[in-house]
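J.: Sharing a structure here in structure tokens format.
Please treat every number below as a calculation from the coordinates, not as lab data. These figures come from a predicted structure and were not determined experimentally. FYI the Cβ positions are ideal-geometry reconstructions off the backbone, even for glycines, and counts take in every protein chain you see.
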Protein chains: 2
Amino acid sequence: MAVRLLPPDPADLHPVPGVELGFAAAGIRKAGRLDLMLMRFAPGTRVAGVFTQNSFAAAPVQICREHLAAGVPMRALVVNAGNANCGTGDIGLRAARDTCAAVARLLGCEAREVLPFSTGVILEHLPVDRIEAALPACVQGLGEPQWARAAEAIMTTDTVPKGASRTLEIEGHVVTVTGIAKGVGMLQPNMATMLAFIATDAVVAGPVLQRVVRSVADRSFNRVTVDGDTSTNDSFILAASGKAGHSRIDRDDTPACRALEAAITEVAQVLAQSIARDGEGATKFITVTVDGGRDEAEALRVARSIANSPLVKTALFASDPNLGRLIMAIGNAGIADLDIRHVNLHLGDVLVIERGGRAASYREEAGAAAVQPDEILIRADLGRGSAHTTVWTCDFSYDYVKINAEYRT
Amino acid sequence: MAVRLLPPDPADLHPVPGVELGFAAAGIRKAGRLDLMLMRFAPGTRVAGVFTQNSFAAAPVQICREHLAAGVPMRALVVNAGNANCGTGDIGLRAARDTCAAVARLLGCEAREVLPFSTGVILEHLPVDRIEAALPACVQGLGEPQWARAAEAIMTTDTVPKGASRTLEIEGHVVTVTGIAKGVGMLQPNMATMLAFIATDAVVAGPVLQRVVRSVADRSFNRVTVDGDTSTNDSFILAASGKAGHSRIDRDDTPACRALEAAITEVAQVLAQSIARDGEGATKFITVTVDGGRDEAEALRVARSIANSPLVKTALFASDPNLGRLIMAIGNAGIADLDIRHVNLHLGDVLVIERGGRAASYREEAGAAAVQPDEILIRADLGRGSAHTTVWTCDFSYDYVKINAEYRT
């Protein structure tokens with residue numbers, strides 16, 4: 001079902017010095033499939049993260065926030081699929097702590113140096129005993145940097161594993177950035193139902209890494225949406241092992257920091273787009289750009305209003321250049337003083353709306369041709385300023401309903 | 001497809017003294033179907049309205065606002081189906097003015113005493129010539145108060161005409177309130193894709209009527225949603241002919257005003273609920289109540305977050321008591337300091353979420369039984385205060401996608 005999305009070639013996912021991976025089939029929800037992943041970090045690894053804004057933040061999210069608040073290096077993260085450990089109250093918090101403690105015992109570190117992540121069904125208790133039983137197998141396998149296998153281990157309803165990798169050079173040293181993600185629905189800023197882990201061997205100070213993770217999230221995971229819903233477990237983690245050998249990046253405004261952030265953003269954007277391409281029931285990958293906003297916030301409101309409109313998304317599923325629904329969606333963004341006489345809209349290269357009305361040059365055949373492919377570009381210009389933004393989404397198909405009406409049964 | 005919704009019995013839609021109806025088949029989009037409706041008001045009739053918040057307000061909405069701003073009595077309104085006259089720029093404004101002028105010539109009044117309404121496809125020019133050609137037939141038919149036929153004349157993709165009527169007594173005089181509406185999708189506060197016209201023979205001062213129309217809208221049409229989208233033409237009009245014979249209602253805080261507003265609210269709620277029952281592809285009618293909010297605004301945010309969630313709506317289509325999606329939707333309402341440990345949720349009479357987690361007494365069979373019927377009640381309690389609200393919606397089915405992917409083709 002995924003739109004032009006293939007599993008990453010393992011050879012393209014470069015190992016990250018200082019980061020080791022291990023896996024196991026713990027039988028958390030289904031027997032025999034990989035559902036547990038352990039990532040061990042070299043001593044001194046700095047980790048920063050951003051998390052769901054949902055009020056029902058899952059237990060592991062709460063524990064991650066607590067452990068990261070200490071500002072100390074981390075030694076490991078552990079991810080289980082099959083159970084989200086959400087809506088589970090104090091028992092859930094204890095389960096997340098117990099998971100960290102079990103990892104710490106095996107790795108010889110402190111529990112507060114371990115970050116827990118869970119994804120899967122909500123409101124059911126996490127079977128910590130099965131995780132504890134399977135962790136030794138994860139630890140035994142540590143070493144070989146099988147990022148492609150890690151991408152598989154964290155999948156739930158994903159149809160394709162998601163990974164990306166880049167290298168850059170800082171002071172003559174090769175620096176690697178490699179990431180994996182999972183998520184296909186219940187997506188919306190901030191953030192997708194989504195777990196994303198990006199690791200680098202760059203040498204970065206903690207506060208700089210924290211700023212970078214937020215900035216990257218705002219250019220990637222917070223710009224993708226499937227259905228406007230937001231999950232309780234969304235997490236994006238950025239880890240820097242410090243093994244690359246260049247001098248430490250202590251400030252944001254250096255060429256090294258900018259180059260590193262650019263590479264991380266590229267990886268994050270590939271992962272975020274992969275999530276929309278694998279959106280539940282997706283048959284089209286849709287890029288919405290909005291130019292001419294007074295500020296980025298209003299450009300984003302318009303882009304999200306288009307990208308989340310069920311009427312726009314069902315029309316695009318039908319390859320219908322339905323201009324009425326597009327202007328309806330722009331008009332619904334809640335920009336109080338929007339003057340529609342300055343609004344232009346392109347489908348691909350075709351000018352369809354000019355100064356708020358149907359473009360004089362517009363022919364329906366051209367519009368139909370623009371929305372026929374499985375990759376569609378919608379470009380709105382508000383004509384009010386110079387701010388712009390981009391959002392990625394997918395269409396809304398019969399299969400979206402089928403998948404979500406039958407997920408649990 | 002509509003959920004427990006039958007056409008109104010013509011005998012139940014009481015005539016409103018001072019209000020006459022006429023119809024014609026103008027062939028605006030399809031030949032041979034009723035698509036033009038004229039409502040003539042007795043001299044002195046007060047009219048108030050609320051309109052779409054969409055930035056792309058259609059030409060007729062702009063003209064209505066202009067004519068109502070004068071604060072003078074109205075003599076007529078004219079409604080066409082088949083073409084929304086939206087995104088049509090200056091040509092569209094002229095078309096709406098020309099329509100009013102044509103009505104005024106036939107009725108012997110001023111164009112500014114006529115209100116125009118259009119519903120149907122967007123971005124196509126209104127064929128005013130066909131409306132002008134058909135208006136004499138409307139005028140000839142004026143007289144017999146065929147409200148059920150009026151409800152038919154304004155339908156677009158509605159599957160069932162929508163009407164309701166109530167009577168009350170003021171100072172010993174019988175007062176009638178009768179209304180019709182159309183709309184099935186692209187619905188969201190503020191307001192539904194929706195035209196609603198309620199008329200009464202009550203004697204009401206203009207400013208009081210204006211306050212009443214807003215208050216009623218907030219308890220009815222602004223509480224119904226199908227897909228979270230909002231149309232460019234939404235209008236709710238309240239007309240008071242003043243023929244009932246009681247003394248004029250000049251103030252809000254009188255028993256007569258309260259009784260009248262209660263009757264109008266009842267009619268409007270039946271119409272609003274009819275819209276959700278006839279929602280595109282609807283198989284379930286869903287009532288969402290939220291109690292325990294600090295204020296009504298936050299209760300409404302939570303109710304809309306539940307009612308608009310595609311994941312909740314597809315689960316209910318499948319009769320799946322998916323608690324995870326319900327708490328996800330509550331958590332996404334954007335209430336920054338919501339303490340989930342005070343949140344309870346019922347499906348019908350079944351307590352399913354207690355203090356933010358699965359209720360100890362909950363059994364999945366009971367939840368499944370609660371979401372099996374075609375009328376479902378979801379009751380959330382935020383445990384923060386005493387404000388409450390109610391929103392009506394429908395589920396999200398294969399047919400929603402089918403209807404919206406094929407509407408224009």
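J.: On average over all directions, what projected area in square nanometres does region B:285-406 have, based on the convex hull of its Cα atoms?
T.: Mean projected area of the Cα convex hull: 7.1 nm².
J.: What is the sum of charges, Lys and Arg at +1 and Asp and Glu at -1, for the other residues whose Cβ falls under 12 Å from the Cβ of A:Asp295?
T.: Local charge sum for A:Asp295: +1.
J.: Could I ask something else about it? Could you line up B:Lys30, B:Lys243 from fewest to most neighbouring Cβ atoms inside 10 Å?
T.: Fewest to most other Cβ atoms nearby, the residues stand as B:Lys30, B:Lys243.
J.: Can you pull the Rg over Rh of region B:223-349, Cα-only, Kirkwood?
T.: 1.06
J.: When the helix-only estimate is applied to chain A (DSSP H runs of n ≥ 4, each -39,500 (n - 2.57), divided by the residue count), what is the mean residue ellipticity at 222 nm, nearest 500 deg cm²/dmol?
T.: -10000 deg cm²/dmol
J.: Here is a follow-up. Report, as an integer, the average count of C-beta atoms from other chains found within 10 Å of each Cβ along B:395-403.
T.: Across the residues of B:395-403, the mean count of other-chain Cβ atoms within 10 Å is 5.
J.: Shortest first and in nm to one decimal, what separations exist between A:Asp253 and its copies in the other chains, measuring from label points 7 Å along the Cα-to-beta-carbon line?
T.: Nearest to farthest, the other copies are at 6.1 nm.
J.: Going by amide H atoms built from the backbone, whose H comes under 5 Å of the H on A:Ile170, apart from near neighbours?
T.: It is A:Val175, by chain and number.
J.: Please list the non-local residues whose amide H lies under 5 Å from the amide H of A:Val352, H modeled 1.01 Å from N, same-chain partners needing a gap of 5 or more.
T.: A:Leu345, A:His346, A:Leu347
J.: I've got another one for you. Which values, in whole Å and largest first, are the semi-axes of the equivalent ellipsoid of region A:21-165 obtained as the square root of 5 times each eigenvalue of the Cα gyration tensor?
T.: Whole-Å semi-axes of the equivalent ellipsoid: 20, 19, 15.
J.: Assuming R0 = 60 Å, what is the FRET efficiency of B:Ala25 and B:Asp339, from their Cβ-Cβ distance, to the nearest 0.05?
T.: Given R0 = 60 Å and the Cβ-Cβ separation, E is 0.55.
J.: A follow-up question, please. In a GNM of chain B with a 10 Å cut-off on Cα contacts, which of B:Ile275, B:Ile340, B:Ile286 has the highest mean-square fluctuation?
T.: Top of the fluctuation ranking is B:Ile340.
J.: Follow-up question, since we're still on this one. Ranked highest first by average number of other Cβ atoms within 10 Å, how do B:141-151, A:356-366 line up?
T.: For the peptides B:141-151, A:356-366, the packing ranking is B:141-151, A:356-366.
J.: Quantify how strongly other chains surround peptide A:304-314 by giving the mean number of their Cβ atoms within 10 Å of each of its Cβ atoms.
T.: Taking all residues of A:304-314 together, the mean is 5.
J.: Within region B:1-42, which residues have the backbone N less than 11 Å from the label spot 7 Å out from B:Asp374 along Cα→beta-carbon, could you tell me?
T.: It comes to B:1-6, nothing else.
J.: Still on this structure: Output wanted: per-residue J couplings in Hz (rounded whole) for region B:168-174, from phi through Karplus 6.51 cos²θ - 1.76 cosθ + 1.60, θ = phi - 60°, x for Gly and Pro.
T.: Rounded to whole hertz, the list is 9, 10, 10, 6, x, 9, 6.
J.: Okay, next question. Per residue of A:329-335, how many C-beta atoms from partner chains lie within 10 Å of its own C-beta, taken as a mean?
T.: Shielding by partners across A:329-335 averages 5.
J.: For region A:220-265 and region B:1-45, what is the separation of their C-alpha centers, rounded to whole Å?
T.: About 60 Å separates the Cα centre of region A:220-265 from the one of region B:1-45.
J.: Let me ask something else about it. Report the extension gain between A:Ala360 and A:Asp90 in nm, rounded to one decimal, defined as 0.36 nm multiplied by the number of residues separating them, less their alpha carbon distance.
T.: Value of the extension gain: 90.9 nm.
J.: Can you work out ³J(HN,Hα) from phi for every residue in region B:43-49, in order, using Karplus 6.51 cos²θ - 1.76 cosθ + 1.60 and θ = phi - 60°, giving whole Hz and x for Gly and Pro?
T.: x, x, 5, 8, 10, 9, x
J.: Please give the peptides B:310-319, A:249-258 ranked by average Cβ packing (other Cβ atoms within 10 Å per residue), highest first, as a rough proxy for protection.
T.: Result, highest mean Cβ count within 10 Å first: B:310-319, A:249-258.
J.: Starting from the Cα of B:Asp399, move 7 Å in the Cα-to-Cβ direction to define the label point; list residues of region B:278-307 whose amide nitrogen is under 14 Å from there.
T.: Within reach of a label on B:Asp399: B:278-285.
J.: Taking a point 7 Å out from Cα toward Cβ as the label site, list the nm distances between A:Arg214 and the same residue in every other copy, smallest first.
T.: Its label point is 3.8 nm from the equivalent points in the other copies.
J.: Moving on to the next point. Would you mind computing, in nm to one decimal, how far apart the modelled labels at B:Leu34 and B:Asp252 are, each placed 7 Å from Cα along Cα→Cβ?
T.: 3.6 nm
J.: Using Cα centres only, tell me the gap between region A:75-105 and region B:53-92 in whole Å.
T.: One Cα centre to the other: 58 Å.
J.: Mean Kyte-Doolittle of at least -0.5 plus a Cα span of 18 Å or more along the axis: flag which DSSP H helices in chain B meet both, please.
T.: Passing helices, by number: B:89-107, B:128-141, B:206-218, B:255-277.
J.: Still on this structure, I have one more. Grab the other residues whose beta carbon is less than 13 angstrom from that of B:Tyr362, score K and R as +1, D and E as -1, and report the net.
T.: Local charge sum for B:Tyr362: -2.
J.: Provide the FRET efficiency to the nearest 0.05 for the A:Glu144-B:Asp12 pair, computing r from the beta carbons and using R0 = 56 Å.
T.: Efficiency at R0 = 56 Å is approximately 0.15.
J.: Oh, and also: Below 9 angstrom from the Cβ of A:Val177, what's the summed charge of the other residues (Lys, Arg +1; Asp, Glu -1)?
T.: That sum, taken over residues with Cβ under 9 Å, equals -1.
J.: Given that compact globular proteins tend to follow 2.2 N^0.38 Å, what is the ratio of the alpha-carbon Rg of region B:322-382 to that value?
T.: The value comes to 1.09.
J.: Please work out the Cα center distance from region B:131-158 to region B:278-345, rounded to the nearest Å.
T.: Going from one Cα centre to the other spans 39 Å.
J.: Still on this model: For chain B, take the convex hull of the Cα atoms, compute a quarter of its surface area, and give me that in nm², please.
T.: Orientation-averaged projected area of the Cα hull: 19.7 nm².
J.: Which distances, shortest first and in nm, link B:Ser361 to the matching position in the other copies, using label points set 7 Å out along Cα to C-beta?
T.: Spelled out, the distances from B:Ser361's label point are 6.8 nm.
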